[in-house]
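K.L.:
Before we start, here is the structure in question, set down as structure tokens.
The values are calculated or read from the model by the stated rules, or taken from the named source; none is laboratory data. Keep in mind that what you see is a predicted model, and the values were worked out from it rather than measured. In this analysis, Cβ positions are derived from the backbone assuming ideal geometry, glycine residues included, and neighbour counts consider all displayed protein chains. Surface accessibility is based on the protein's heavy atoms, side chains included, excluding ligands, DNA and RNA. Shrake-Rupley method; radii C 1.70, N 1.55, O 1.52, S 1.80 Å.
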Amino acid sequence: MSVEDGLPTVAEYRALRAAVGWPSPDEEVCRAALDGSVHGVVARGGSGLAGMARLVGDGAMYLLIVDVVVHPDHQGAGLGRRMVERLVRVAGTRRVQLVAAGEVVPFYERLGFTCESSHLMAYRTLG
């Protein structure tokens, strides 16, 4: 299984999100999300797309790792680790952050991430 720079197609992105039970907006929204990436990595094998991860942000000071997802058929093989490590290398000396669900915090801690005291806040519009 190779990990390489790049982004999935919109169809691959939506299918991978669905495979792990994540919601997937319509194609137009997904295309805009992918187009807004600073950098992406994909894991591919003989059966096609096995995983992906992206960096979003301003490309200079603020970078956020998002969409770290590995198809259930390929989980546990180190693909998530390899993809995150690749994005961290691409970021270089810039600060890299991510938001992690509680159950995956230990995974990211093993990769050198630490929980910070800041509070994630979100504003959602109605409709």
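K.L.:
Which of (1) surrounded by fewer than 20 Cβ atoms within 10 Å (Cβ to Cβ); (2) more than 23 Å from L120 (Cα to Cα); (3) at pLDDT 95 or above; (4) not hydrophobic (A, V, I, L, M, F, W, C) is the odd one out, the single condition G40 does not satisfy?
P.N.:
(1)
K.L.:
With respect to L7, is the statement that it is open to solvent by less than 40 Å² (accessible area, probe 1.4 Å) and either touching a Cys at 6+ places or on another chain (Cβ under 6 Å) or of a type outside the set (G, A, S) (or both) true?
P.N.:
On the way: open to solvent by less than 40 Å² (accessible area, probe 1.4 Å): no; either touching a Cys at 6+ places or on another chain (Cβ under 6 Å) or of a type outside the set (G, A, S) (or both): yes.
The answer is no for L7.
K.L.:
Cβ-Cβ distance below 8 Å, separation of 6 or more or different chains: which pairs start in region 77-100 with a residue that is free of Cβ contacts under 8 Å to residues at least 60 places away in the same chain and end on one that is assigned to a helix (DSSP H, G or I) and not charged (D, E, K, R)?
P.N.:
G80/F107; R81/F107; V84/Y108; V96/L87; V96/V88; L98/Y108; A100/F107; A100/Y108
K.L.:
Also, quick follow-up: Quick one: which residue in G80, G76, G40, G59 is under 23 Å from Y108 (Cα atoms) and in a helix (DSSP H, G or I)? If you could, list the steps in order and put the result at the bottom.
P.N.:
Details: G76 fails: in a helix (DSSP H, G or I); G40 fails: in a helix (DSSP H, G or I); G59 fails: in a helix (DSSP H, G or I).
Unique residue meeting the criteria: G80.
K.L.:
Suppose we keep only residues that are open to solvent by 100 Å² or more (accessible area, probe 1.4 Å) and not in a loop (DSSP other than H, G, I, E, B) within region 92-127. Which one would you say is modelled with the lowest pLDDT?
P.N.:
For region 92-127, the residue satisfying everything is E103.
K.L.:
Can you tell me how many residues in region 46-63 are over 16 Å from T93 (Cα atoms) and either out of contact with any strand residue (DSSP E or B) (no Cβ under 7 Å at 6 or more places or on another chain) or surrounded by fewer than 17 Cβ atoms within 10 Å (Cβ to Cβ) (or both)?
P.N.:
Of the residues in that region, 3 qualify.
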